[in-house]
Amino acid sequence: MESFTKVTGLAAPLLRASIDTDQIIPTRFLARLSEEGLGEGLFAQWRLLPDGTPNPDFILNCEPWSQAQILVAGPNFGCGSSREAAPRALRQRGFRALIAPSFGDIFYNNCFRNGIAPVRLSLQALERLSQLLEQDGQAVAIELTVDLEQNQVKVPTTGENFHFEAPTLLRRMLLEGLDEIELTRKQADAIEVFRNKDRARRGWAYL
Amino acid sequence: MAGPRTFFDKVWDEHVIAAMDDNAYLLQIDRLLLHDVTGSVVMRELSAAGHLADSPKQVFGIIDHLLVTRPQAAKRDGWTPVAAQMISEARHGAQRLGIELIDIEDARMGITHVIAPELGIALPGLTIVCGDSHTCTLGGIGALGWGIGTSEGTHVLATGTLVESRPKTMRVSFEGELGPCLSAKDMILALIGEMSAGMGTGYAVEFAGSAVRALCVESRLTLCNMAVEFSAKYGFIAPDEKVFEYLKGRAYAPQGAQWDAAVMHWQSLATDADAVFDKEMVIDVSKLSPQVTWGTSPHHVTAVSSCVPSPKEAADEPTRALAQRALDYQQLKAGMRLEDVRLDVAYIGTCTNARLSDLRIAADFLRGKKVAPHVTAICVPGSASIKRDAEAQGLDEIFREAGFEWHDPGCGYCGSGRGRLENVRVISTSNRNFENRQGVRTRTHLASPLTVAASAVAGHITDARRFKV
């Protein structure tokens, strides 16, 4: 699994609430025989005009944000469908970290398994970042640092720091790029002991 | 563990194999459901990584998303060439890994979250996961079901286990008696509308109270289906005699002495009287009105008989920005009456509302009525068994006579209108009104089967109670 320790990069603001995974990647991009190319579907409905040309008003089509590595979003980012294509599409188009006051629970878990750090900051911290990233309705190009080792979001230009929490094991898996299946296989003895007891207790649960 | 516990605590605790950190646990997973969109990818990635299925008998493959539902279709295998290839990949994957596949021509086929209870694959107290956020539906029969990603699915297939963070617990008690023309769909929509966006994030939600106990099993599945629209990954109702009666004799339900043991176990799972939840709320359903969504988030919901709210009422700037964008997308204006909104399409189906009782409520209303001439009306039963039962009761005739298309079972036009719903306004019994969800520029309004049927006849959004004076 791809690891993540620290990234400094351009941050793109997408500050609406409840941006769902159908927006991150529409359903029509899910039927495919390879996960390569998912990036083509990223925000497709917003990124592209009906005739298929890039929408010049969409932030990720504007320079320099087409190179953004960090996305700053409103609450409940990634709600809705469980599609792992959503973090995969973000990753394929260069995103390494997402900052929002809250995330859809399934999407949040999926990010850690795709080399993306999802960072939960308070609504107040988000408001501060919003002030930096958008002035008079215009996006401002600034870099942020997301440091998973120190659990901090930093604003290099102002020296501001925002602390965040991440689940212990998922954080370690991402920091070290651990293979989760291998990690679980180390529990083989515990699994066997559990199942022997469980079969005696809940035999009806096993087919 | 000592002390009073909630239903969730009991089910969670008995599935914990090991603690992995301060709040993450390795859980035994009792059932993995693999459907044609996400399950195909799971099987593909498992094999690519060189793993085998750990407990293939606990795993079911189901073809539901990509098949063609249009009546008398010559071929149902996928609505595009790539969809057909993905279905084919699912078939090969299931065969390779020794997984039972419930395929298109199978008499048991249907939407995953509809057939899992119907066949007794889902049972109370089981942990059930699927690469589909609406797996919470299965909470309606007292299972702990939740949606997972592809990587998690591959982990479950390889190990029969999953590492999960333990969520907080919430109880939502619906109290009082539902009025006429109201249903579980109105209850869950009203809850989502009443609470702030994302309130369920990080919670496992138990639905309780007199109005929930009064619901039939199928309506409980509807209620739990939309827990995820409340941003809760898990939603469930502690199982009772109604559920045991519903499950008895189902194909994969335990038999004989195992059945008796199972029922005894299930009876012990109800939340203890003194158990404490991290959050509690009570909703009075006695004054509830039929609900409909106006915007592009399930939280954009209000009474059918009221007006489109103003974005200015939003609590914060991101929520206001979303509401304003939703009005633009939906081509509505704040303050206009929802009943003045003219419709192009009425859609009855999906894992939310395609069960026999849903179809019967709609058909009872439609008997002797006609869909408005400008409305295209479509009904897609949730499973082959539901379709057979509906036809045995003559419901298909009522739908057709009223002007509805009567489809073959499947997920249908919920996640994609397949080109038929582009740039039109749809009233739908589905669960998601996101931008472009049912098709490019499709404007979706979510409602109950009765509200959809009544609105189809009226030609605009309407409160079914207007017909029942």
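Here, each number is a calculation from the coordinates, and none is a lab measurement. Only a predicted model underlies this, so the values are computations on that prediction, with no experimental measurement involved. Glycine gets a Cβ as well: all are built from the backbone with ideal geometry, and neighbour counts include every protein chain shown.
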Given H placed 1.01 Å from N in the peptide plane, which residues other than close sequence neighbours of A:Ala117 have an amide H under 5 Å from its amide H? A:Ala97, A:Leu98
Viscosity 0.692 mPa s, temperature 37 °C: give me the Stokes-Einstein translational D for the protein assembly as shown in µm²/s, with Rh taken as the Kirkwood radius over C-alpha pairs. 130 µm²/s
To the nearest 20 debye, what is the magnitude of the charge dipole of the protein assembly as shown about its Cα centre, counting +1 on the Cβ of each Lys and Arg and -1 on the Cβ of each Asp and Glu? 1140 debye
Helix-only [θ] at 222 nm, chain A, -39500 (n - 2.57) per DSSP H run of 4+, per residue, nearest 500, equals -8500 deg cm²/dmol
So what's the Cα pair-distance distribution over chain B, bin width 20 Å, in %? 25, 59, 16, 0
Straight-line reach from B:Lys369: which lysines have Cα under 18 Å away, leaving out those fewer than 8 places along the same chain? B:Lys468
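Against the 2.2 N^0.38 Å scaling, with N counting residues, where does chain A land? I'd like the Cα-based Rg ratio to two decimal places. The partial results should precede the final answer.
Values: Rg = 19.3 Å, N = 207, 2.2 N^0.38 = 16.7 Å.
Chain A yields a ratio of 1.16.
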For segment B:347-437, which trypsin sites (Lys or Arg not before Pro) are in a loop by DSSP, counting at most 14 other Cβ atoms within 10 Å? B:Arg367, B:Lys370
Scan chain A and report its longest stretch carrying no GluC sites (Glu not before Pro) that are both in a DSSP loop and have at most 14 other Cβ atoms within 10 Å. A:37-148
Rounded to the nearest 5, what % of the DSSP beta bridges within chain B are antiparallel ones? 25 percent
Phi angles of segment B:108-117, converted by Karplus (6.51 cos²θ - 1.76 cosθ + 1.60, θ = phi - 60°) into ³J(HN,Hα) in whole Hz with x for Gly and Pro, give 9, 5, x, 5, 2, 6, 8, 7, 4, x
Counting only residues 5 or more places away or on other chains, whose amide H sits under 5 Å from the amide H of A:Glu160 once H atoms are built in the peptide plane? A:Val155
Loop-resident sites, segment B:68-160, for GluC sites (Glu not before Pro), counting at most 14 other Cβ within 10 Å (DSSP): B:Glu105
Distant alpha-carbon pairs in segment A:99-207 (separation over 25 angstrom), percent: 44 percent
For B:Glu401 and B:Asp260, FRET efficiency with R0 = 56 Å and r from the beta-carbon atoms, rounded to 0.05? 0.75
May I ask which of B:Lys168/B:Lys233; B:Lys333/B:Lys370; A:Lys197/B:Lys248; B:Lys75/B:Lys387; B:Lys75/B:Lys370 have a Cα-Cα span longer than 21 Å here? B:Lys333/B:Lys370; A:Lys197/B:Lys248; B:Lys75/B:Lys370
Rg and Dmax of segment B:313-403 over Cα atoms: what are they, in angstrom? 17.7, 53
Given the protein assembly as shown, what percent of its DSSP beta bridges are antiparallel, to the nearest 5? 35 percent
Per DSSP, the loop-located trypsin sites (Lys or Arg not before Pro) within segment B:1-106 having at most 12 other beta carbons within 10 Å are B:Lys75
Can you list the residues, at least 5 places off or on another chain, whose amide H is less than 5 Å from the amide H of B:Glu175, using H built in the peptide plane? B:Ala211, B:Ile283, B:Asp284, B:Val285
Neighbour-count order for B:Tyr413, B:Tyr329, fewest beta carbons within 10 angstrom listed first: B:Tyr329, B:Tyr413
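With r defined as the distance between the Cβ atoms of B:Cys216 and A:Glu149 and R0 fixed at 35 Å, what FRET efficiency is calculated, to the nearest 0.05?
On the way: r = 53 Å, r/R0 = 1.51.
With a Förster radius of 35 Å, E is 0.10.
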Neighbours of B:Lys248 by Cβ distance under 15 Å: Lys/Arg at +1, Asp/Glu at -1, summed charge -3
Taking the alpha-carbon centre of each part, the distance from segment A:114-131 to segment A:151-179 in Å is 11 Å
